[in-house]
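The values are calculated or read from the model by the stated rules, or taken from the named source; none is laboratory data. Fair warning: this is a prediction, and the values are worked out from it, not measured in the lab. Backbone-built Cβ (ideal geometry, glycine too); neighbour counts: all protein chains shown.
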Amino acid sequence: MRNESAIWGLVEAHGPDLIGLSDRVWALPETLYNEYRSCAEHTAMLRDKGFRVTENVAGIPTAVMGEAGAGGPVIAILGEYDALPGLSQVAGIDYPEELEPGGHGHGCGHNLLGSAALLAATALKDWLAETGTPGRVRYYGCPAEEGGAAKTFMVRAGVFADVDAAITWHPDCMTRVDDALSLANTRMDFAFTGRAAHAAASPHLGRSALDAVELMSVGVNYLREHVPQDARIHYAYLEAGGTAPNVVQARARVRYSIRALRLADMMAIVERVKDVARGAALMTGTGVEMTVFSAVSNMLGNGAMERTMQSALDELGGVPFDAADRAYAARIQATLSEADLTQPYRRVGMAPRRDEPLCDYVVGLYPKGEVMIGSTDVADVSWAVPLVQVLAATHAIGTPAHSWQITAQGKAPAAHKGMVHAAKAMARCAEKLFGDRALLAEAQAEHAARMAREPYVCPIPEGVEPPLVPRPTGI
Ligand SMILES: [Zn+2]
């Protein structure tokens with residue numbers, strides 16, 4: 001390891017406790033605003049480590065915030081702990097086997113994500129106290145990243161209003177600074193209501209909601225040619241109206257996900273899709289109700305933050321994997337396709353390598369690779385404050401996101417090493433920002449200039465609230 005930083009020793013000192021937290025959260029997979037046990041584990045750890053704790057952040061019972069230090073600036077470290085449905089998997093093996101039939105699983109590594117973020121925050125808390133540096137570090141435990149857009153609701157509620165900069169990470173198969181590309185995404189439901197009738201005896205009396213959903217699909221499929229190239233529009237039938245072909249279906253519902261690289265483009269496409277739905281209703285004599293239930297923006301980069309994180313990563317070097325880590329990762333790679341194995345290299349513009357189960361190096365800043373992007377609610381925080389996201393290698397190169405292979409690798413020694421490494425990168429980046437007010441001012445000026453060009457409009461309409469679920473008894 002090069003240029004040993006004092007803050008890395010603080011990360012290592014708390015490492016075992018936070019690795020324990022990660023493993024406990026792995027074993028409590030909870031989804032979409034149900035993260036009561038995982039949030040309670042994070043809250044207990046924050047108290048244990050001496051943070052001032054705020055629960056029920058933004059009115060979300062599974063969101064928590066811990067703060068330490070005094071005065072300004074305020075640097076936020078963002079964590080997550082939600083799981084995915086249907087990805088239950090036994091840990092440490094190289095074949096699919098559910099731990100709990102039909103159960104949830106940490107198929108995106110958020111057990112590691114939240115724990116490493118809290119680890120970085122804890123090291124920073126000690127560092128602020130030991131060095132007497134003015135400033136506060138905040139850990140934000142954010143639920144429901146997968147489909148719930150909790151951070152967008154948290155931004156709308158103003159919980160980042162007095163934050164100066166934010167840092168986060170995501171488990172990955174490569175170690176690098178994220179290049180801040182993500183699609184703005186609105187998820188909304190269209191519920192059509194018609195009139196039931198006997199499909200043979202009196203079809204003229206019926207008004208088919210299913211016809212409306214099908215015509216809406218046709219209309220949207222024609223729309224695809226006339227939207228920006230980066231737009232993505234997907235749909236899933238939630239309710240087809242029933243199983244009897246001799247009934248004119250009176251009710252049908254379809255869910256749309258509408259994405260684009262720019263928030264403003266996405267908002268415009270949402271309006272056009274709504275017009276298509278109205279058209280389908282008009283053609284079929286049905287009514288339509290349109291409800292947005294979650295939405296996120298596209299991610300904004302910040303050059304000053306990204307360069308700072310890259311310098312932290314370059315000092316740190318790659319994740320120190322060993323032969324046993326590589327051997328397990330190679331067994332996982334044996335379950336992957338050729339396309340899976342080459343995709344991470346294409347993404348960062350590198351020639352695919354053979355016999356490289358794990359990434360033990362740091363990829364350079366802004367690799368010129370192929371664009372392959374999804375959506376995340378981290379993006380909305382990037383519109384609120386200067387933000388950087390680092391990726392750290394925690395699993396075999398080529399492991400697809402949201403897969404049983406991620407769940408399987410989520411408690412492995414390699415995952416623990418990647419998690420501690422991510423915490424070191426985040427802590428070092430924050431240390432640099434706390435220690436250099438000019439650097440922080442540069443990041444903020446860049447953010448302010450970006451906001452002046454295109455102000456933030458929350459993609460979740462007024463009045464739409466997060467789909468909270470009640471607290472189970474005994475938690
Ligand atoms: Zn994720």
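For the structure I just gave you, tell me whether ILE373 is part of a loop (DSSP other than H, G, I, E, B) and within 16 Å of the ligand (Cβ to nearest atom).
For ILE373, the condition - part of a loop (DSSP other than H, G, I, E, B) and within 16 Å of the ligand (Cβ to nearest atom) - is met.
Between a residue in region 115-129 that is assigned to a helix (DSSP H, G or I) and any residue that is of a type in the set (S, T, N, Q) and crowded, with 24+ Cβ neighbours inside 10 Å, which pairs come within a Cβ distance under 8 Å, given they are 6 or more apart or on different chains?
From residues that are assigned to a helix (DSSP H, G or I), the pairs are SER115/SER22; ALA116/SER22; ALA117/THR168.
Give me the pairs, please: first residue somewhere in region 403-414 and touching a residue at least 24 places away in the same chain (Cβ under 8 Å) and among the basic types (Lys, Arg), second residue anywhere and in a loop (DSSP other than H, G, I, E, B) and surrounded by fewer than 24 Cβ atoms within 10 Å (Cβ to Cβ), beta-carbon distance under 8 Å, and either six or more positions apart or on two chains.
Listed by first residue and then by second, the contacts come to LYS411/ALA91; LYS411/GLY92.
Scan (1) within 28 Å of VAL57 (Cα to Cα); (2) modelled with pLDDT of 95 or more; (3) crowded, with 17+ Cβ neighbours inside 10 Å for the single condition ALA414 breaks and write down its number.
(1)
Just a yes or no: is a residue in region 121-128 within 16 Å of the ligand (Cβ to nearest atom), buried (at least 21 other Cβ atoms within 10 Å of the Cβ) and hydrophobic (A, V, I, L, M, F, W, C)?
No, region 121-128 has no match at all.
When region 308-319 is examined, which residues are found to be more than 11 Å from TYR361 (Cβ to Cβ) and surrounded by fewer than 17 Cβ atoms within 10 Å (Cβ to Cβ)?
Correct list: SER311 only.
Taking region 427-463 as the region of interest, how many residues are in contact with a helix residue (DSSP H, G or I) (Cβ under 7 Å, 6 or more places away or on another chain), farther than 17 Å from LEU300 by Cβ and part of a loop (DSSP other than H, G, I, E, B)?
1
What about THR186, is it crowded, with 22+ Cβ neighbours inside 10 Å, hydroxyl-bearing (Ser, Thr, Tyr) and out of contact with any Asp or Glu (no Cβ under 8 Å at 6 or more places or on another chain)?
For THR186, the condition - crowded, with 22+ Cβ neighbours inside 10 Å, hydroxyl-bearing (Ser, Thr, Tyr) and out of contact with any Asp or Glu (no Cβ under 8 Å at 6 or more places or on another chain) - is met.
Filter region 155-182 down to residues that are within 14 Å of the chain's Cα centre (by Cα), at pLDDT 95 or above and of a type outside the set (Asp, Glu) and give me whichever is farthest from ARG262 (Cα to Cα).
Per the stated criteria, the residue is PRO171.
Looking at region 204-233, which of its residues are modelled with pLDDT under 95 and either over 27 Å from the mean Cα position of the chain (by Cα) or surrounded by 11 or more Cβ atoms within 10 Å (Cβ to Cβ) (or both)?
Listed by number, the list holds a single entry, ASP230.
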